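Only the coordinates and a few stated rules stand behind these numbers; no lab work does. Bear in mind the structure is a predicted one, so any value in this text is a computation, not a measurement. Don't worry about glycine lacking a Cβ; one is built from the backbone with ideal geometry, like all the others, and counts go over all protein chains shown.
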Amino acid sequence: MSNTDQSTPLSDKIEGAPHPAQTIRIFGQEAAENEFLDVFAASRLHHGWLISGPRGVGKATLAWQITKFLLATPNHNQDVGLFGDPPKSSQTLQISSDHPVSRRILAGSEPGVFPLRPAYDEKRKRHKQMITIDQVRKLKSFFGLSSTEAGRRIVIVDCAEDMNPSAANALLKILEEPPKNAFLFLISHQPARLLPTIRSRCRELRLSRLNKPSMVQALEAADIHFDTSQQDALTKLSGGSIGEAVRILNMQGLPLYQSIIDIFGSLPRLDNKKVHALADKFSGRGTSPEFELFISLFEIALNRLALNGARIKAFEHIDPYGEPQVFNRLSPDHLAARKWAELAQTASQRLRHGRTVNLDPTALILDTFFKVETCSVRVLQ
């Protein structure tokens, strides 16, 4: 029941990257991998698992890695080795791409897994916003099917906070009385939004943001091409998120961020030509993913400007983009940092509200940069 083919757009697939089910290896999340393997080796598998962490750090990839592992690995309680010895503990979750389970998942024909995700609306050509109770009810027939080779049935919910209240309550009932050999993996970017009763019935695997080496390994493994000079910028602007790094690369986010820093560099007197050129790129595209990316990068730029003045020890500049010169001049101390932080909050709220109500993005961007100019005058006077 795995539906990972390309016939229908999938809500859990990032454009330009392989689907998590197709990813052979996960990077930078060894702690979570080892925690699961330790529990598996001790035959203490919980039926409900909450895989949490920031967007794009490998939560779905880990869920699919565990799924392949469970479907391809014998049950320790049922299978023993020669002379009654238990089988050796596994040291990795990796299952060969040639394994029958891997091949079936790749073909979308594995009967032991049920992906629960927002459905695709063919009429509107977009994914629905919620996972509904009707989708959860289909699990009853799924659990009623004959056993797989490993005797296990696995449900992957991606992501759990997309369930509407009725769907969440229906899933809760399954967690309270799970079928035999059933395992549910709930992927969550914001666990606090889930029902406390759902969280309490799941064991949590929390994933962390990736460092630069892990980020580079993951991008290369996914066959995503980028220049080596972009590694530092991608890691910092994406916040250690592979998904965000791919989005930045797909939508030319690095030159866009450079444009924002160049405009900041003209302060306290804005280079109006550059501002208008940037704003005109989003004319009539208030709901586009590209405008959403602009907002995210603009927020990052202002927040990094504030961090520079706050003298946070862990803060590091993105040197090739001219941050040191621009940030040290515009945000030299804690007082300046406070003013930039206040502007970051109000500007973010205005941009995101404007996008929600579909205000003209060109006017929004111009107005926002004028507020940046005003703030810079107050800081540098």
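Any chance you could check the Cα centroid distance between segment 90-158 and segment 355-381 for me, in angstrom?
About 45 Å separates the Cα centre of segment 90-158 from the one of segment 355-381.
Mind checking which of 165, 259, 127 is farthest towards the positive end of the chain's charge dipole, using Cβ charges of +1 (Lys, Arg) and -1 (Asp, Glu) about the Cα centre?
Toward the positive end, the furthest listed residue is 165.
Once fully extended, how much extra length lies between residue 299 and residue 122, figured as 0.36 nm per residue of separation less the alpha-carbon to alpha-carbon distance? Write down the numbers at each step before the final one.
Details: separation 177, 0.36 × 177 = 63.72 nm, distance 3.39 nm.
So the extension gain works out to 60.3 nm.
Treat each spin label as a single point 7 Å out from the Cα along the C-beta direction, and report the residue 315 to residue 335 distance in nm.
It is 1.7 nm.
Taking 7 Å along the Cα-to-C-beta vector as the label spot, tell me the residue 266-residue 227 distance in nanometres, rounded to one decimal.
2.3 nm
Lys and Arg at +1, Asp and Glu at -1: add these up for the other residues within a Cβ distance under 12 Å of residue 288 and post the number. If you can, show how the numbers build up before the last one.
On the way: positive: 281, 285, 355; negative: 290, 292.
That sum, taken over residues with Cβ under 12 Å, equals +1.
Answer with a single label: of (i) 65, 46, 42; (ii) 81, 45, 36; (iii) 87, 44, 41, which was calculated as Cα extents along the principal axes in Å from the structure in view?
(ii)
Summing -39500 (n - 2.57) over the DSSP H runs of n ≥ 4 in the chain and dividing by its residue number, what mean residue ellipticity at 222 nm do you reach, to the nearest 500 deg cm²/dmol?
Values: 15 runs with 184 residues, N = 381.
Calculated from helices alone, the mean residue ellipticity at 222 nm is -15000 deg cm²/dmol.
Please identify which residues in segment 341-375 have an amide N closer than 11 Å to a label point set 7 Å out from the Cα of residue 273, following the Cα→Cβ vector.
No residue passes the distance filter.
If I take R0 = 35 Å and measure r between the Cβ atoms of residue 145 and residue 217 in this structure, what FRET efficiency does the formula 1/(1 + (r/R0)^6) give, to the nearest 0.05?
0.40
Please list, ordered by chain and number, the residues whose modelled amide H lies under 5 Å from the amide H of residue 203; skip anything fewer than 5 residues away on the same chain.
Result for residue 203 returns 48, 49, 50.
Using per-residue counts of other Cβ atoms within 10 Å, averaged over each peptide, order 19-29, 258-268 from highest down.
Working: 19-29: 20.9, 258-268: 18.3.
Result, highest mean first: 19-29, 258-268.
Quick one: net charge of residue 323's neighbours, Cβ under 12 Å, K/R +1, D/E -1? Show your work: numbers first, answer last.
Details: positive: 236, 304, 329; negative: 232, 262, 316, 319.
Residues close to residue 323 contribute a combined charge of -1.
My understanding is that a pair violates if its Cα-Cα distance is over 21 Å; which of 68/128; 13/125; 59/173; 236/313; 13/59; 68/180 do that in this structure?
On the way: 68/128 27 Å; 13/125 16 Å; 59/173 24 Å; 236/313 15 Å; 13/59 12 Å; 68/180 18 Å.
68/128; 59/173, as the Cα separations exceed 21 Å there.
Do you know the relative contact order of segment 251-380, to the nearest whole percent, from alpha carbon pairs under 8 angstrom that are 6+ apart?
Details: 140 pairs, mean separation 44.9, N = 130.
About 35 percent, as a whole number.
Given H placed on each backbone N at 1.01 Å, which residues far from residue 127 in sequence or on other chains put an amide H within less than 5 Å of it?
The answer is 121.
Return the long-range amide H neighbours of residue 153 (sequence gap of 5 or more, or a different chain), with a cut-off of under 5 Å between placed amide H atoms.
182, 183
Based on the mean of other beta carbon atoms within 10 Å per residue, what is the order of 232-245, 196-209, most packed first? Can you show the working numbers first?
Values: 232-245: 22.2, 196-209: 16.8.
Highest-to-lowest ranking by the protection proxy: 232-245, 196-209.
Within segment 358-372, list the residues whose amide N lies under 19 Å from a label point set 7 Å along Cα→Cβ of residue 129.
The answer is 358-359.
In segment 242-274, whose amide N lies under 11 Å from the spot 7 Å out along Cα-to-Cβ of residue 15? List them in ranges.
Counting only backbone N, you get 247, 250-252.
How do 257, 321 line up, fewest other C-beta atoms within 10 Å first? If you can, show how the numbers build up before the last one.
Details: 257 24, 321 21.
With the sparsest Cβ surroundings first, the list reads 321, 257.
Label residue 357 and residue 22 with points 7 Å out from Cα along Cα→Cβ: what is the distance between them in nm?
Placing both labels 7 Å beyond Cα along the Cβ direction yields 4.2 nm.
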